Amino acid sequence: MSRVLLIKAMRKAVLETGDSVAPPLGLLCLAAYANKVRPGKDQFTILDERIHPKTQKEWIAYIEELRPDCIGVSAMSADAGRVDALIPFLKKNFPNIPVVLGGPLASSAGPDLIKHIPADYLVMGEGEKAFVSLLEMFEQGLSHPGREISGLAFSDPDGKTVCRPKNKDLIDIKSMPFPAYDLIDLMEYQHQPRMTPMSTKEPYAYIMTSRGCPYHCIYCHDIFSKKFRPMDALQVVDEIERLITDFGIHEFEIIDDVFNLNKKRVLKICSEIKRRGLKTAFTFPNGLRSDILDREVLEALASVGTYHIDIAVESASPRIQKLAKKNINLEKLEENAAIASELGIFCWGFFMLGFPTETRREILKTLFWAWRSPMHGAFFFIVIPQEGTELAREYCSKTPGGPKAGSSLYFNVKDSLAHVGATELRMYQSLAYLLFLCSPRRLWAIYRHVSKNGGRISGTLFRFLDYLFLHKLKSLAKQVWGAAAARFGQGAGQKI
């Protein structure tokens, strides 16, 4: 039996900024799939650095005791700095153990990453089948595959990078087994920051009920391909019921890219939950496609305990909507946000500032649209081109001195693709947060919403307000002071 260590990498920002720390669902699905197709052949261990960080000495002792035959590392794009340190450390101290890098970082950065990071293999795109093929290869004592494996990249004996196109052999998601939650202590994640901005303190779990998104927004990934592949509605409810029965979980964060693409499936999931009499609560921190929602769907979601949805608006400018290939119907979006609010569902908007060629007028239009919208809360991100996206391919190489692909500092950018500078863009970002809550109508709506929900999200609400009025006000003051100092040549270097 092979011993497989799966590591969830931790970036420094998790500790510094309170980023969400959720159960590593990707690794749980990977282990479950491998155990299904290779029963009894592998023993998996998951080490989540975000929960159990280790020093170099502790890492060496841990791996020497575990003696894994293979190490898999899962990393987000924002974890690149940690991966730059972790994988060289692993290969230096354990050169004979093959190291496989997967997750969004490998998928977005592509095969060139293997030239800079000494991983033995990269798995790009959907990873279960490729990783199982590697386990079978290791079992045979081979170091290079004898056949093409979709999404695999590695260096051949001559040092040449070999890369196979990703997502050419996709999984039938309806055959996916229940995630291997037995490999982690789910309760260790319950007191960590969550992806849902306005969440309760109830025990929760992630659920992904579909893979892939057919939309072509230029800033987004295609890790799971552009083909929408949903689980059957009954399969979704079976997973929910098992989490309730086996783990006492009643609250679920649905992290699909586009959960509500198939209206009939959404309605069937909700009706089956009610038919089984399951006590549930739901949030959608990855967002719902808001312009294909309607009252029937929102009422169904509310009836099974949905209390928070995120809605991706991005921009109020029709030109920017077209440029970004978002093409959302803003009137329909606004109508559905109002219906959700009426039903007691907290609505959180996602906005993006600083698209290529975006003007000052277009940025301000988005800010004022957000201000008058029925949203309860909002995030205002600065546009950052992520590696592997159309945005990075089309604009990074064409904008000398502009942003470089791969950065994830949405709140601290130093470059701009827009027709305003980075400093001004950051000022608009801070101003957006302050303007958003300077609305008596919105504050009253938030108060009514919290009261209607029995105060179950009030603690999170007050933390959010504290963040806005203290952190963002201080940030805006710094930026205004810095801009004034630069313009008038006074006060340079002073701090606020």
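Bear in mind that the values in this text are calculations on the coordinates, not laboratory data. Just so it is clear, the model here is predicted, and its values are computed rather than measured. A quick note on method: Cβ atoms are made from the backbone with ideal geometry, for glycine too, and the neighbour counts reach across all protein chains shown.
Taking every pair of distinct Cα atoms and averaging 1/r, then inverting, what Kirkwood hydrodynamic radius in Å comes out for the stretch 129-183? Before the final figure, lay out the partial values.
Details: mean 1/r = 0.0766 Å⁻¹.
Every distinct Cα pair counted, the radius reaches 13.1 Å.
Give me the percent of DSSP beta bridges within the chain that run antiparallel, rounded to the nearest 5.
The answer is about 15 percent antiparallel.
How far is the Cα center of the stretch 281-300 from the Cα center of the stretch 45-64, in Å?
Here the two parts' Cα centres lie 39 Å apart.
Starting with the fewest neighbours, write out 37, 132 ranked by other beta-carbon atoms found within 10 Å of each beta-carbon. Walk me through the numbers before you get to the answer.
Numbers: 37 14, 132 20.
Least crowded to most crowded, the residues run 37, 132.
Taking the simple approach of a point 7 Å from Cα along Cα-to-Cβ for both residue 279 and residue 332, what is their distance in nm?
3.8
5 Å is the cut-off here: which amide hydrogens, built 1.01 Å from N in the peptide plane, fall below it relative to residue 378, excluding neighbours closer than 5 in sequence?
The answer is 349.
From the backbone phi of the stretch 99-113, what are the Karplus-calculated ³J(HN,Hα) couplings (6.51 cos²θ - 1.76 cosθ + 1.60, θ = phi - 60°) in whole Hz, Gly and Pro given as x?
10, 10, 9, x, x, x, 4, 5, 5, 7, 6, x, x, 4, 4
Quick one: 3J(HN,Hα) in Hz for the stretch 386-395, Karplus 6.51/-1.76/1.60 with θ = phi - 60°, rounded, Gly and Pro as x.
8, 4, x, 9, 4, 4, 5, 5, 7, 10
Binning every alpha carbon pair distance of the chain at 10 Å from zero, what are the percents per bin?
P(r) for the chain, in whole percents per bin: 4, 18, 28, 27, 17, 6, 1, 0.
Any idea which of 391, 267, 61 is furthest toward the positive side of the dipole for the chain, if Lys and Arg beta-carbons carry +1 and Asp and Glu beta-carbons -1?
Checked the options; the winner is 391.
Convert each backbone phi in the stretch 82-88 into a coupling constant with the Karplus relation 6.51 cos²θ - 1.76 cosθ + 1.60 (shift: θ = phi - 60°), then list the ³J(HN,Hα) values in order as whole Hz, x for Gly and Pro.
Running phi through 6.51 cos²θ - 1.76 cosθ + 1.60 with θ = phi - 60° gives 5, 4, 4, 9, 5, 5, x Hz.
Counting residues in the stretch 238-313 as N, plug N into 2.2 N^0.38 Å and put the Cα Rg over that result. Write down the numbers at each step before the final one.
Values: Rg = 12.1 Å, N = 76, 2.2 N^0.38 = 11.4 Å.
For the stretch 238-313, the normalised Cα radius of gyration is 1.06.
Amide H of residue 346: which non-local residues (sequence gap of 5 or more, or other chain) have their own amide H closer than 5 Å, using H built in the peptide plane?
Correct list: 308, 309.
Neighbour counts of other C-beta atoms within 10 Å: give me 359, 283 arranged from fewest to most.
359, 283
For the stretch 156-250, what is the convex hull volume of the alpha-carbon atoms per residue, in Å³?
Measuring per residue, one finds 200 Å³ for the Cα hull of the stretch 156-250.
Under 4.7 Å Cβ to Cβ, no partner at all: give me those cysteines from the chain, in residue order.
Those would be 29, 70, 163, 213, 270, 347, 396, 438, since no other cysteine Cβ in the chain comes under 4.7 Å of theirs.
Could you pull out every residue, at least 5 positions away or on a different chain, whose amide H is within less than 5 Å of the one on residue 287? Hs are placed 1.01 Å off N in the peptide plane, and Pro or chain starts have none.
Residues meeting the amide H criterion: 310.
Among 92/160; 263/326; 226/326; 115/160; 36/279, which pairs are too far apart, with a Cα-Cα distance over 18 Å?
92/160; 263/326; 36/279
For the chain, what does the relative contact order come out to in percent, with C-alpha contacts under 8 Å and a separation of six or more?
In percent, rounded to a whole number, it is 11.
For 144, 449, what ranking results if the residue with the fewest other Cβ atoms within 10 Å of its Cβ goes first?
Fewest-to-most Cβ neighbours within 10 Å comes out as 144, 449.
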